[in-house]
Amino acid sequence: MYSETIELLIDGVFCQGSDGVTEPLINPATEEVLAEVPHASTADLDRALAASLKGFRIWKAMTAAQRYTIMSKAADLIEARKAEIARTLTMENGKALAEAVGEVQFSADATRWYAEEGKRAYGRIVPARIPGVRQMVFKEPVGPVVAFAAWNFPASNVIRKISGALGAGCSIILKPAEETPGTAVAFARCFQEAGLPDGVLNIVFGKPAEVSSHLIASSIPKKVSLTGSTAVGKLLQKQAAETLKRCTMELGGHAPVIVHEDADLEKTLDTVVLFKFRNAGQVCTSPTRFYVHEAIYEPFLAGFAARAEKIKVGYGLEDGVQMGPMIAPRRLDVMDALVADATARGARVVTGGKRIGNTGYFYAPTLLADVPEEARIMSEEPFGPIAPTTTFSGFDEVIERANGLPYGLASFVFTRSGTLAQKTEMALDAGLVGVNHMMVSTPETPFGGVNESGYGSESGIEGLEAYLRTKFVTEM
Ligand code: NAD
């Protein structure tokens, strides 16, 4: 049973949309309708905007220690409800339950971390040129925030925005993805029960383009934060320019993986296969283009295929399932088209390459060999369980190919040589580099891309800074 009631949260009140419009929430593993997702009307959005201004004034006036007390209570509630929220997450997103549990735990941890870090939004005193003058630099919350989050991490994508904003003293209107609304609503209940003042956190759903253009056009929000595709990022940034709002853009990626000749092959394979098929490849930092040294390519392919074929694909709530479905049927067509394009250009399907079953949006873990650089999958973000691979022979050549796309989110390198690791990590044009492992996201460390993968990190002290502005006061 899906236990969450999907509601909007406006000015501290959980409610349905005022004009009664809803859309069905579909379980991507079973295709069952789980619930109806209420759409916020224009009047509801205007109420959320007004509430966020009221909430901001209250929240900003509180001390960081008071905010800490409420946020850490919310984190405790998230942790206490971890099993239930993770079930909701898996039912709406499909991912393996163990992954969902990990994501909810990340959310509790990140909330505690931001609550603590909010106490350290330090300014500074600058020695003055004029006798008797005191020069002070203050950090202040930037203002009400509007935020939009993708469905692939229904918990961590939204909590980075909620807790980052709240930790800095901002209020927020969040539009989670309509595909995965229940996780965000469950979190919102934890914050409200923890004593968050009304209007500090508001949750809305609706037609994405209509909701975002209405909220961004208002002069009330002072910042936009998006986790989503590069195309939507460009659109929202243009809209934000009208009122000169600051943006944080966590956008798409196409992570290169460089496997040098001296890599520990077994360990590398264990790591890359696990991360490639995590959340069915629907991860912005997913290892995407594999550049494998030509001397170890054949054993790499054999080891990769053997591991991929052992992955248990199915509904994330079932025992032992390691990989769930894609989020929507249209994504299966995209996978088929990418495989067809690559094979037409000379690639080989080593394993997978097709849909599994007729119910639920499952696609087989897929390995492609000898994929030419001009295949679409080498430049378009697949966002699915397909690993295109190719060979390289020289350092300069592989760096040029790895850095050859407009994206710059994650990149990975595998080698036993410290010198080679350093040389590669310095040469990669990306916001995140994983050397011999792939865990590039923690609450304490900055997460974000460069180039067309966006800008402005979340998590880490940079994540708090993103919601702060600077005020200089000079006093005589
Ligand atoms: P998307 O851009 O279609 O949607 C992202 C969010 O923006 C959703 O909540 C959507 O409803 C909302 N949105 C707001 N205005 C919109 C508009 N005008 N049109 C469409 N959506 C609008 O992204 P998606 O396909 O849901 O998610 C996958 C993408 O997100 C991938 O490109 C992935 O790499 C990226 N992503 C990035 C990160 C990161 O941290 N860099 C993390 C997760 C996902």
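Each value in this text was obtained by applying a stated rule to the coordinates, not by laboratory testing. From a predicted model like this one, the values you see are computed outputs, not experimental measurements. Neighbour counts run over all protein chains shown; Cβ positions are idealised from the backbone, glycine included.
To the nearest 10 degrees, how steeply does helix 418-427 sit against the main Cα axis of the chain, on a 0 to 90 scale?
Value to nearest ten degrees: 60.
Roughly speaking, what is the centre-to-centre gap between the stretch 436-476 and the stretch 1-43 when only Cα atoms are used, to the nearest Å?
Between the Cα centre of the stretch 436-476 and that of the stretch 1-43, the gap is 32 Å.
Let me check I've understood the local charge: for Tyr68, count other residues with C-beta under 12 angstrom from its C-beta, Lys and Arg +1, Asp and Glu -1. What total comes out?
Net local charge, Tyr68 excluded: +3.
For the stretch 73-114, take every pair of Cα atoms, bin their distances at 10 Å starting from 0, and report each bin as a whole percent.
35, 50, 14
Between Pro329, Val350, Thr285, whose Cα lies farthest towards the positive end of the dipole of the stretch 278-366 when Lys and Arg beta carbons carry +1 and Asp and Glu beta carbons carry -1, centred on the Cα centre?
Towards the positive end, the residue furthest out is Pro329.
Could you give the distance between the Cα centres of the stretch 283-323 and the stretch 367-404, to the whole Å?
Going from one Cα centre to the other spans 15 Å.
Would you mind telling me the antiparallel percentage of the DSSP bridges in the stretch 255-442, rounded to 5?
Around 20 percent of the beta bridges assigned by DSSP in the stretch 255-442 are antiparallel ones.
Share of antiparallel DSSP beta bridges in the chain, in percent to the nearest 5?
Antiparallel: roughly 45 percent of the beta bridges in the chain.
Sort 76-88, 159-171, 270-282 for me by packing, meaning the mean count of neighbouring Cβ atoms within 10 Å per residue, highest on top.
The peptides rank, most packed first, as 159-171, 270-282, 76-88.
How do 400-410, 8-18 rank on mean C-beta neighbours within 10 Å, highest first?
400-410, 8-18
Nothing charged except the Cβ atoms of Lys and Arg (+1) and of Asp and Glu (-1): what's the magnitude of the dipole of the chain about its Cα centre? Round to the nearest 20 debye.
The dipole magnitude comes to about 1620 debye.
Here is the link list: Lys54/Lys222; Lys267/Lys312; Lys119/Lys245. Which ones come out longer than 23 Å on Cα distance?
Beyond 23 Å between Cα atoms: Lys119/Lys245.
So what's the gap between the Cα centers of the stretch 181-230 and the stretch 59-121, to the nearest angstrom?
16 Å
Could you tell me the largest-minus-smallest coordinate of the C-alpha atoms of the chain on each of the three principal axes, in descending order and whole angstroms?
Between the extreme Cα coordinates on each principal axis of the chain lie 70, 61, 40 Å.
Which net charge results for the neighbourhood of Thr389, defined as the other residues with beta-carbon distances under 9 angstrom from its beta-carbon, given Lys and Arg at +1 and Asp and Glu at -1?
Counting the neighbours of Thr389, the net charge comes to 0.
How far, in degrees from 0 to 90, does helix 97-117 lean away from the longest principal axis of the Cα atoms of the chain, to the nearest 10?
For helix 97-117, the angle is close to 40 degrees.
Can you work out the FRET efficiency for the pair Ala65 and Val126, with r the C-beta to C-beta distance and R0 = 25 Å, to the nearest 0.05?
0.45
I'm checking a number: the convex hull volume of the Cα atoms of the stretch 255-442, normalised per residue, in Å³. What is it?
Normalising the Cα hull of the stretch 255-442 by residue number yields 114 Å³.
Once you place label points 7 Å from the Cα toward the Cβ at Val133 and Val435, how far apart are they in nm?
Simple spin-label model gives 4.6 nm for this pair.
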